Amino acid sequence: DAGVTQSPTHLIKTRGQQVTLRCSPKSGHDTVSWYQQALGQGPQFIFQYYEEEERQRGNFPDRFSGHQFPNYSSELNVNALLLGDSALYLCASSYGAEGRNSPLHFGNGTRLTVT
Amino acid sequence: GESVGLHLPTLSVQEGDNSIINCAYSNSASDYFIWYKQESGKGPQFIIDIRSNMDKRQGQRVTVLLNKTVKHLSLQIAATQPGDSAVYFCAENQAGTALIFGKGTTLSVSS
């Protein structure tokens, strides 16, 4: 039973560029959440997707956008990259609609470095 | 704003000792709490969770205690092993909201 998988594992981009990160949820899960984790900090919530729609959003600018596909996989897009976007981007999946609390299962993340 | 935090950024213990990692939360409306373990280069790994209608929950070698009166959460690890060395995060939410993480406690286990 595959867990949450993310690609790529590492990525180096230049300021101003755009990046797309990908996530496949754990089998049986239908909800995907994205988090940004700066070095030495706890994960910060970016947004959550359920039924192909953004259901919740954290305090991140519109440069951060996402998408969920019919097979529940998801993408995170970041436009106009800034040096401060360098971080570990974590994808987490869970089962259930908004309001049902269940543990998030995390992937190992994509390490994004912006130079 | 409201957030989840941990009392100590680092904790060093000897192999075989019991470890206690503490967490204070400020949102009295939170009704679900989780502990995660994160090893270097990996994503957070679920350890144990507890809902607000419980005070204590036990797993394998781990126990989570919830004190709603003082808004305090703790993780107890029995017979700590070198493989327990990692960063531990508590996280909380209420129904319909995102999971909020604290800053983490680094547990170092020496043999």
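For this structure, a couple of remarks:
- The phi torsions of region B:78-89, fed into the Karplus equation with coefficients 6.51, -1.76 and 1.60 and a -60° offset, translate into couplings of 8, 6, 4, 10, x, x, 7, 4, 4, 9, 10, 10 Hz, rounded to whole numbers, with Gly and Pro shown as x.
- Taking θ as phi - 60° and the Karplus parameters 6.51, -1.76 and 1.60, the scalar couplings of region A:32-49 work out to 10, 10, 10, 10, 10, 10, 6, 4, x, 10, x, x, 10, 5, 9, 6, 10, 10 Hz in sequence order, x denoting glycine and proline.
- Gained length - residue B:67 relative to residue B:45, 0.36 nm times residue gap less alpha-carbon distance: 5.6 nm
- Derived scalar couplings between HN and Hα for region B:37-42 equal 10, 10, 8, 4, x, 10 Hz in order, rounded to whole Hz, by the Karplus curve 6.51 cos²θ - 1.76 cosθ + 1.60 (θ = phi - 60°), x for Gly and Pro.
- Rg over Rh [alpha-carbon atoms, Kirkwood Rh] for the protein assembly as shown: 0.97
- Given their separation in residues at 0.36 nm each and the Cα-Cα distance between them, residue A:30 and residue A:7 gain 6.4 nm when the chain is fully extended.
- Paramagnetic label reach from residue B:103 (point 7 Å along Cα→Cβ; backbone nitrogen cut-off under 15 Å): within region A:13-40, residues A:38-40.
- Trypsin sites (Lys or Arg not before Pro), loop per DSSP, at most 14 other Cβ atoms within 10 Å - longest free stretch of chain A: A:16-62
- For residue B:104, the residues whose amide H sits under 5 Å from its own are B:6, B:90, ignoring neighbours fewer than 5 places away on the same chain, with H placed 1.01 Å from N.
- What separates the Cα centres of region B:85-108 and region A:59-94 is a distance of 20 Å.
- Per the Kirkwood formula applied to alpha carbons, chain B shows a radius of gyration over Rh ratio, Rg over Rh, of 0.95.
- A Cβ-based charge dipole, computed about the Cα centre of chain B with Lys and Arg at +1 and Asp and Glu at -1, lands at about 140 debye.
- Dipole orientation for chain A: of the candidates A:25, A:69, A:79, A:79 has the Cα lying most toward the positive pole (charges on Cβ; Lys, Arg +1; Asp, Glu -1).
- Relative contact order for chain A, counting Cα pairs under 8 Å that sit 6 or more residues apart, in percent: 36 percent
- With q set to 0.15 Å⁻¹, the log10 of I(q)/I(0) for region A:1-54, from the Debye formula over equal scatterers at the Cα positions, is -0.57.
- Cα-based Kirkwood hydrodynamic radius, region A:1-99, one decimal, Å: 13.7 Å
No value in this document is a laboratory result; all are computed from the given coordinates. Keep in mind it's a predicted model, so treat the numbers as computed, not measured. All Cβ positions, even for glycine, are placed from backbone atoms using ideal geometry, and neighbour counts span all protein chains on display.
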